[in-house]
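Presented below is the structure to which this report refers.
The values are calculated or read from the model by the stated rules, or taken from the named source; none is laboratory data. As the structure is a prediction and not an experimental result, all values here were calculated from the model. Here the Cβ is made from the backbone with ideal geometry for all residues, glycine too, and neighbour counts use every protein chain on show. When the accessible area is computed, the model is the full protein with side chains, heavy atoms only, and any ligands, DNA or RNA have been set aside. Shrake-Rupley method; radii C 1.70, N 1.55, O 1.52, S 1.80 Å.
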Amino acid sequence: MSDIYDELGVKKLVNCAGTYTIVGGSRMSDESLQAMAEAAHNHVTIREMQAAVHRKIAELTHNEDAVITAGAIVGIYLCMAGCVSKKFGKPLKHISKEEIAKSEVIMFRAHRNPYDRGLELLGVKVVELGYPNNIDIVDEATLENAINDRTVGLLYLPTTNGGWVPPGALEIQKTIDICKKHNIPVVVDAAAQLPPRSNLWRFTEEMGASAVAFSGGKDLRGPQTTGVVLGKTELLRWVNENNFPNYGIGRMHKVGREELAGIYTAVKQYMEVDEEARLAEAEEMVSMFTSAFGPSDAFHFERAYPNEAGQPLPRAKLIIHKDGLQAEGLRDRLYNKERAIFSMVENGFLYVNPYTISMEEANYILDVYKEFNKEEM
Ligand SMILES: *Cc1c(COP(=O)(O)O)cnc(C)c1O
């Protein structure tokens with residue numbers, strides 16, 4: 001069946017890498033797409049639509065408050081701007097560049113990552129603590145001594161079960177407790193930390209962080225252009241104050257009524273996902289791959305856990321036996337198939353990630369690997 005991608009001449013991909021933004025994150029449900037189409041049919045007041053969606057999402061996720069932003073990065077950016085506003089008690093547009101530049105945001109060096117450029121854009125001073133390794137892990141006294149009357153907030157990058165965050169930071173609960181004592185908001189970047197669904201309220205309601213940002217377009221399966229900020233009204237009211245459609249820095253990060261309808265529906269559905277059934281299906285897919293090849297084949301698969309960013313789901317890791325056969329070469333051959341398969345090489349290894357594929361796609365990918373194995377024998 002011919003579709004919009006065929007009309008545009010854009011290659012369609014079976015994505016077994018994961019919820020990567022470069023290939024569109026995740027796939028929206030028919031219900032969420034339907035909600036977007038319905039929202040597009042009528043005009044509404046954006047502020048009224050935002051208020052309704054924010055209230056419902058806060059309720060669904062057991063949080064005090066919620067703000068929808070143009071992606072998780074914008075969520076973090078607006079949260080840090082909210083921290084500055086909270087400190088000065090006014091919208092960012094009324095705070096001078098000099099005052100912003102003197103405002104300090106604390107980050108552990110182990111948590112610096114390509115998504116935190118928003119801090120630079122905002123113009124705050126980033127105070128880095130510790131090292132991205134385990135030889136001198138930040139302790140409570142180091143954080144205590146870094147907090148002063150210019151500190152406006154702390155940005156934390158958590159990881160569940162490992163993932164790609166190096167050691168070196170003070171642990172999250174201790175960080176939150178110390179910041180709380182000094183009335184400093186902690187903002188958590190948990191963009192890719194789903195599942196488990198309980199993370200939607202764990203960092204904020206259970207641990208006491210002021211805000212947490214999730215990507216709407218990753219596991220939540222909302223519009224790729226959305227971010228979900230959850231947390232305490234005390235900070236989120238300032239996030240809203242600087243947010244679209246108010247004039248100021250948030251005005252250039254607009255989220256339309258269609259996306260608001262789409263992410264609301266996606267969050268509602270996410271709260272109903274059967275997490276055990278999903279894990280069982282992922283395990284079934286992984287075992288299809290691990291049982292298909294053996295030591296006498298050109299390669300075999302083994303179960304790897306946890307997933308790429310530490311999410312509690314397994315994936316299948318390709319182990320190559322044949323001399324001269326390389327992960328990069330296989331990745332390119334998968335991509336060049338008539339029905340193209342997108343996967344990524346991570347630290348030298350190719351994976352099949354059940355995160356973003358259907359059973360039909362898993363079977364197709366397995367058939368292609370079987371064909372490659374035959375060609376290599
Ligand atoms: C994906 C990701 C982001 C960015 O999320 P967007 O919704 O694409 O803006 C930020 N931080 C981390 C840790 C991520 O994995």
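Summary of values
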| read-out | value |
| --- | --- |
| Share antiparallel - DSSP beta bridges, the chain, percent rounded to 5 | 55 percent |
| Positive minus negative residues near Gly227 (Lys, Arg vs Asp, Glu; Cβ under 12 Å) | -1 |
| Counted charge near Ala70, where neighbours are those whose Cβ lies closer than 9 Å (Asp, Glu -1; Lys, Arg +1) | 0 |
| Heavy-atom SASA rank of Arg303, Arg278 (probe 1.4 Å, accessible area, largest first) | Arg303, Arg278 |
| The range 153-274: relative contact order in percent, alpha carbon pairs under 8 Å with at least 6 residues between | 19 percent |
| Exposure rank, largest accessible area first [Lys125, Lys322; 1.4 Å] | Lys125, Lys322 |
| Counting all C-alpha pairs of the range 162-272, share separated by more than 22 Å (%) | 39 percent |
| Computed helical MRE - 222 nm, the chain, DSSP H runs ≥ 4 contributing -39500 (n - 2.57), nearest 500 | -11500 deg cm²/dmol |
| Full-extension gain in nm, Asn347 to Leu8, via 0.36 nm per residue minus C-alpha separation | 118.6 nm |
| Acute angle (nearest 10 degrees) that the helix 172-181 long axis makes with the longest principal axis of the chain, alpha-carbon atoms | 10 degrees |
| Cα centroid separation, the range 105-177 to the range 75-104 (Å) | 19 Å |
| Cα-Cα over 29 Å, subset of Lys56/Lys174; Lys86/Lys174; Lys102/Lys181; Lys93/Lys174; Lys56/Lys86; Lys11/Lys374 | Lys56/Lys174; Lys93/Lys174 |
| Antiparallel %, DSSP beta bridges [both residues in the range 62-190], to 5 | 0 percent |
| C-alpha long axis of helix 30-40 to longest principal axis of the chain, angle in ° | 50 degrees |
| FRET efficiency, 1/(1 + (r/R0)^6) with R0 25 Å, evaluated for Ala280 and Glu59 via beta carbons | 0.30 |
| Beta bridge orientation in the range 153-258: antiparallel %, DSSP, nearest 5 | 40 percent |
| Within the accessible area of the range 1-156 (1.4 Å probe), percent carbon and sulfur | 52 percent |
| Normalised convex hull volume, the chain, alpha-carbon set, Å³ per residue | 152 Å³ |
| Charge tally in the Cβ shell below 14 Å around Met377, where Lys, Arg are +1 and Asp, Glu are -1, Met377 excluded | -2 |
| Listed peptides 146-155, 226-235, 75-84, 114-123 by packing density, highest first (mean Cβ within 10 Å) | 75-84, 226-235, 146-155, 114-123 |
| Highest average packing first - 174-187, 258-271, Cβ atoms within 10 Å | 258-271, 174-187 |
